[in-house]
Amino acid sequence: MFDASPSPGQTRASASPAAQPDAVVPTPRVPPSGESVRRSGDAGEAGAARPAKQRDSFFDNAKYLAIVLVAMGHSWAPIKGDSRVLEGLYDVVYTFHMPAFVIISGYFSRSFDMRPDRLKRLVTGVAVPYVVFQTAYLLFRRYVGHSGEPLDLTSPWYLTWFLCALFVWRLTSPLWKLVRHPLPIALGLAMLGSISPAASGTFSLGRVLQLMPCFVLGLCMKPEHFEAMRRPWVRIVSVPVFATALVVGWWAAPRMQDNWFYRESAAQNLGAPWWTGPLMSLALFGCSVVLSACFFAWVPRRRTWFTALGCGTLYGYLLHGFVIKYATFHGWFDHGRLHGPLGEILVSTLAAATVTVLCTAPFQRLFRFAMEPRMEWAFRQDATELARARSRQPVREKAGV
């Protein structure tokens, strides 16, 4: 879903999951331009140049547009209570924006196995950022929000739940590829999570289980499935589907708790009978899949001005939460002029602009130490990886030239 490293090789050509870098785990850092040219030149002289891995602009575009919806949704939360229209829009967006991210994450986990280098990237690109940002958010809540709640690394706060969930989902990828009917099993786990009150606490297990079907769905998808969603007739059909969803969202806004769309709590914790949990899990999954397909249908497949920003969505995701919470703690959303149509448009625009800036290269360079730590000191040198590195040495160097 998120890619935390720059992508200088984006093209319009589609890339298979094996060719596309992992959706969330950071890709290896690109060497300085001089070094890159030197290596490619040496390899070219030896006739051993390897084609560069290409990125599919479609997925970078989808990640950027989805992260904009995430930031806008977070900015709507403090002001939506005064507008039934905004609350309905909020519920519709929350139905599909994170499921769309999770589907992409599952799709690019197809090639994940327990190979040491991939496990290392999972630790440095997901587990370590979780510890860093969970600590940072809890300290921020204590000293900026003046909260007396304890510092607890086992209870994700605000945005860090996704890193916990992704770590679990990615680790279980080989198992899902092994079983015969992964999606029905994942749906069963989601329904179980919707009736387990204790699951919403430690490491956001409730969200891990209830969003698991979206990850498994992405894991089962093939490139032709995304191609099918880009067909013109799908775009046409998606317009009345979204219109219907907005009408249903407006109708349901005063009748339904927003917490259902967060997929983190059991039905009993929401004051509903236990049997509504499994039903809501199935209904929300179906709605998520339909609206995600409609969303993907309208994502541009060509390279655009924001394609490169899709590589930095993990930065935008984790950093924009500090801005939203700072504004909330200081009462900025309480300003009366923001609780009206013009104020809602202003807040939405500022949220989109903020997360866009936070996805740019300067912020990636500034916070790379936390998002993409090398941590070579923490890992043993794998013999296979060393052999692979030696095989990539320029032929001229081997020949003593």
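Just so it is clear, none of the values below were taken in a lab; they were calculated from the coordinates. Computed from a prediction, not measured in an experiment: that's the story for all the values here. Cβ placement follows ideal geometry from the backbone for every residue including glycine, while neighbour counts extend to all protein chains displayed.
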- Among His225, His320, His330, His146, rank each residue by its count of other Cβ atoms within 10 Å, from fewest to most, as a rough exposure measure. His146, His330, His225, His320
- Taking alpha-carbon centroids only, segment 350-377 lies from segment 253-271 a number of Å equal to 33 Å
- Query: For segment 67-391, what D do you get in µm² per second when you plug the Kirkwood radius from alpha-carbon pairs into Stokes-Einstein at 4 °C and 1.567 mPa s?
  - Reply: 61 µm²/s
- Taking alpha-carbon centroids only, segment 206-224 lies from segment 135-156 a number of Å equal to 30 Å
- Rounded to 0.05, the calculated FRET efficiency for the beta carbons of Trp305 and Leu153 at R₀ = 30 Å is 0.20
- Task: Determine, for Thr202, Thr328, the number of other Cβ atoms within 10 Å of each Cβ, and report the residues in order from fewest to most.
- Result: Thr202, Thr328
- Derived scalar couplings ³J(HN,Hα) [segment 156-171; Karplus, 6.51 cos²θ - 1.76 cosθ + 1.60; whole Hz; x for Gly, Pro]: x, 10, 6, 9, 6, 4, 5, 5, 4, 5, 4, 4, 5, 4, 5, 5
- Task: For a footprinting-style exposure proxy, rank Tyr262, Tyr64, Tyr326 by other Cβ within 10 Å, fewest first.
- Result: Tyr326, Tyr262, Tyr64
- Average projected area of the Cα convex hull of segment 157-281, in nm²? 9.3 nm²
- So for segment 227-338, using the alpha carbon gyration tensor with a ≥ b ≥ c as root eigenvalues (a/c under 1.5 gives rounded; past that, a/b versus b/c decides prolate or oblate), I'd call it oblate
- Placing one equal point scatterer on each C-alpha of segment 282-377 and summing with Debye, one gets log10 I(q)/I(0) at q = 0.15 Å⁻¹ equal to -0.89
- Note on the structure: Those trypsin sites (Lys or Arg not before Pro) from segment 187-268 that are DSSP loop and have at most 14 other Cβ neighbours within 10 Å turn out to be Arg255
- Query: In what sequence, highest mean first, do 180-192, 125-137 appear when ranked by Cβ atoms within 10 angstrom?
  - Reply: 125-137, 180-192
